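The values are calculated or read from the model by the stated rules, or taken from the named source; none is laboratory data. Please read these numbers as outputs of a predicted model, since none were measured by experiment. Neighbour counts are summed over all protein chains in view; Cβ atoms, including those assigned to glycine, are modelled from backbone coordinates with ideal geometry. Please note that ligands, DNA and RNA were not included when accessible areas were found on the heavy atoms of the full protein model with its side chains. Shrake-Rupley method; radii C 1.70, N 1.55, O 1.52, S 1.80 Å.
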Amino acid sequence: DNVEIAVFKPSTEKDPIGFGFITNYGEIAQRLTFVSSDGRVDDDDFTISQGFVTYKAPVGKGLDLKFGKFASWIGAEFWQSVDNPNFSRSLLYENAITWTNTGLAISYPLLDSLTTSFYLVNGWDTFVDNNNGKTMGYQFNWAVTKNTNFIVNGSHGPEQADNSSNYRHFWDLVLATKPFEKTTFNLNFDFGTEESGANDVFGKDTADQRLNYKTGRWWGFAGIVSRDITDVVGLALRGEYFDDTDGTRRGVDNLDIWELTFTTNIKIRESLLVRPEIRYDKANQGIFNGRDGELTMAIDLAYMF
């Protein structure tokens with residue numbers, strides 16, 4: 001499924017130049033870069049999913065810059081699955097948001113409890129831009145308390161091929177809190193719009209055809225509760241709902257999906273993680289090989305070294 005090499009060197013005040021580099025080999029490599037921007041679609045078993053350089057400028061508390069291809073700032077889930085409570089990806093991660101961006105990120109801690117970030121990127125899941133417009137984004141990460149963070153993410157720009165006038169606007173809210181020593185809650189809400197984006201607009205041949213379509217909207221909500229039962233065993237339950245009535249993200253009109261996922265995280269050794277999982281997805285249409293529901297059972301083995 002995936003062999004991943006990840007090398008990171010953080011930027012510090014003493015050593016301000018850093019970098020990040022991730023390669024993937026296996027089935028997952030074909031699923032990581034996603035929109036054909038320069039005529040190339042990833043159909044190989046190898047890809048460079050992230051590659052960027054960082055610099056900490058001696059400005060105030062430290063101005064952090066990042067340039068290259070990097071995991072999106074949007075969403076409640078981390079890039080590597082092993083860093084998330086559940087093995088499988090959420091509906092919101094799969095359908096509502098972007099996965100990678102290529103461009104420039106600038107971050108600065110305005111307050112001890114508030115970090116702001118701004119982004120100028122080529123677009124959603126594109127390495128080479130597919131139009132003449134750029135996408136602007138932002139993040140406000142507020143540490144409300146020692147164990148609670150509230151994050152506001154945004155992204156605004158044209159994402160349709162050869163069309164720089166139809167804008168996609170997207171907002172992402174994340175609340176992560178740990179009210180008890182061994183229990184964590186993660187709540188995520190997404191809402192997006194796209195001009196002339198309804199009814200599978202990306203299947204239209206020309207910009208003139210796309211102008212005849214209405215603004216598309218999609219939204220969703222996810223909640224995850226995870227608890228450490230012992231130092232070795234942890235449990236995670238996720239429930240979520242995704243609404244794509246206009247068919248903007250999935251290309252299917254009047255579509256809504258919900259799912260429940262239960263994951264057990266078992267740490268056999270410090271570097272070996274075993275994750276049995278059961279998941280049920282339900283839609284109002286037959287999108288699962290002609291069926292409207294799908295039960296999935298999986299077991300994941302991850303070895304980190």
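At-a-glance table
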| read-out | value |
| --- | --- |
| Qualifying residue in segment 186-197 (condition: in a strand (DSSP E or B), open to solvent by 60 Å² or more (accessible area, probe 1.4 Å) and at pLDDT below 95) | no |
| Matching residues in segment 116-154 - criterion: being in a strand (DSSP E or B) and either in contact with a helix residue (DSSP H, G or I) (Cβ under 7 Å, 6 or more places away or on another chain) or over 27 Å from PRO179 (Cβ atoms) (or both) | PHE118, TYR119, LEU120, VAL121, THR135, MET136, GLY137, TYR138, GLY154 |
| Whichever residue in segment 22-46 is assigned to a loop (DSSP other than H, G, I, E, B) and either at pLDDT 65 or above or aliphatic (A, V, I, L, M) (or both) and, among such residues, is nearest to ASN131 (Cα to Cα) | VAL35 |
| Near pairs, Cβ below 7 angstrom, 6+ apart or cross-chain, from segment 223-239 (closer than 13 Å to PHE87 by Cα) to any residue that is open to solvent by less than 30 Å² (accessible area, probe 1.4 Å) and among the aromatic types (Phe, Trp, Tyr) | none |
| Qualifying residue in segment 76-83 (condition: at pLDDT 90 or above, closer than 30 Å to GLY216 by Cα, surrounded by fewer than 19 Cβ atoms within 10 Å (Cβ to Cβ) and in contact with a strand residue (DSSP E or B) (Cβ under 6 Å, 6 or more places away or on another chain)) | no |
| Subset tally (residues that are over 19 Å from ARG89 (Cβ atoms), of a type in the set (D, E, K, R) and touching a residue at least 24 places away in the same chain (Cβ under 8 Å)) for segment 264-275 | 1 |
| Given (1) polar (S, T, N, Q); (2) open to solvent by 30 Å² or more (accessible area, probe 1.4 Å); (3) at pLDDT below 90, index of the condition THR12 fails | (3) |
| All positions within segment 47-72 that are closer than 20 Å to GLU94 by Cα and assigned to a strand (DSSP E or B) | THR47, ILE48, SER49, GLN50, LYS69, PHE70, ALA71 |
| Residues being among the acidic types (Asp, Glu), open to solvent by less than 30 Å² (accessible area, probe 1.4 Å) and more than 16 Å from ILE224 (Cβ to Cβ) - total across segment 240-280 | 3 |
| The one condition in (1) without any contact (Cβ under 8 Å) to a residue 24 or more places away in the chain; (2) part of a loop (DSSP other than H, G, I, E, B) that GLN160 fails to fulfil | (1) |
| Whichever residue in segment 163-176 is in a loop (DSSP other than H, G, I, E, B) and open to solvent by 30 Å² or more (accessible area, probe 1.4 Å) and, among such residues, is farthest from GLY68 (Cα to Cα) | SER165 |
| Whichever residue in segment 200-219 is modelled with pLDDT of 65 or more and either in a loop (DSSP other than H, G, I, E, B) or open to solvent by 70 Å² or more (accessible area, probe 1.4 Å) (or both) and, among such residues, is farthest from ASP246 (Cα to Cα) | TRP219 |
| Selection from segment 128-140 of residues that are surrounded by fewer than 18 Cβ atoms within 10 Å (Cβ to Cβ) and touching a residue at least 60 places away in the same chain (Cβ under 8 Å) | VAL128 |
| GLU94, sole failed condition from (1) assigned to a strand (DSSP E or B); (2) among the charged types (D, E, K, R); (3) surrounded by fewer than 21 Cβ atoms within 10 Å (Cβ to Cβ) | (1) |
| Inter-residue pairs, beta-carbon under 6 Å, first touching a residue at least 60 places away in the same chain (Cβ under 8 Å) and on the phi < 0 side of the Ramachandran plot and in segment 276-298, second in a strand (DSSP E or B) and of a type in the set (A, V, I, L, M), 6+ apart | GLU277/ALA298 |
